[in-house]
Amino acid sequence: KAAAMAVEYLVSLGHRSIAYVGDCSYESRYVGYSDALIRGSLPIRYPLIYPTHQTEAEGYEAMRAIVRAGEATAAFCANDISAVGALRALSEMKPRPDIAVVAIDNIDLAQQTRPLLTTIDIPREDMAHMAVEVLMDRLARGLLGHHAATSGKKGHKRQQGRPARHGRLCPTPMVKRV
């Protein structure tokens with residue numbers, strides 16, 4: 001819901017070309033992004049989707065690529081740390097590109113960015129509860145092997161979806177058309 005809220009906010013500001021920066025395999029924030037675009041009668045434009053491991057460095061590189069492509073007027077980052085990297089990339093460019101950035105998490109670092117990051121607060125207890133639910137669901141469906149649950153390495157590779165940048169796969173969003 002938070003991802004959809006963030007994208008709907010950007011749409012309400014008049015943005016029609018919104019990039020996505022973040023993980024897009026089994027990622028609810030990616031689905032929320034896609035669903036909000038559909039509800040806003042906007043197309044899902046795959047060249048505007050930048051799969052990352054949601055790190056500051058990859059947020060930085062994704063924003064540089066977004067600016068080079070010259071299509072997006074806004075970016076939804078799946079987490080604040082990616083958005084911090086994206087804002088840093090924008091701040092280093094002269095003149096600074098006029099691209100809005102919105103994210104989710106409301107981490108302390110988000111309050112130290114210039115300009116301030118627009119972020120959706122997710123209560124930490126709710127995040128922990130959701131993380132446990134997702135892990136339990138993935139274990140129940142056999143998407144994580146014993147190895148993955150203990151070492152943090154993925155035990156399952158998704159073999160469908162469209163090829164994404166850096167050789168990773170980006171699934172077609174599973175959203176309902178309204």
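Summary table below
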| item | result |
| --- | --- |
| Carbon and sulfur %, accessible surface of segment 18-130 computed with the full protein complex present, 1.4 Å | 54 |
| Binned Cα-Cα distance frequencies in segment 29-154 - 10 Å width, integer % | 12, 36, 34, 16, 3, 0 |
| Segment 1-99 shape via C-alpha gyration tensor axes, a/c threshold 1.5 | oblate |
| Loop-resident sites, segment 1-86, for trypsin sites (Lys or Arg not before Pro), counting at most 15 other Cβ within 10 Å (DSSP) | K1, R16, R45 |
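The values are calculated or read from the model by the stated rules, or taken from the named source; none is laboratory data. A quick note: this is a predicted structure, and the numbers were derived from the prediction, not measured. All Cβ positions, glycine included, derive from the backbone under ideal geometry; neighbour counts span all protein chains shown. SASA here: full protein model, heavy atoms, side chains in, ligands and nucleic acids out. Shrake-Rupley method; radii C 1.70, N 1.55, O 1.52, S 1.80 Å.
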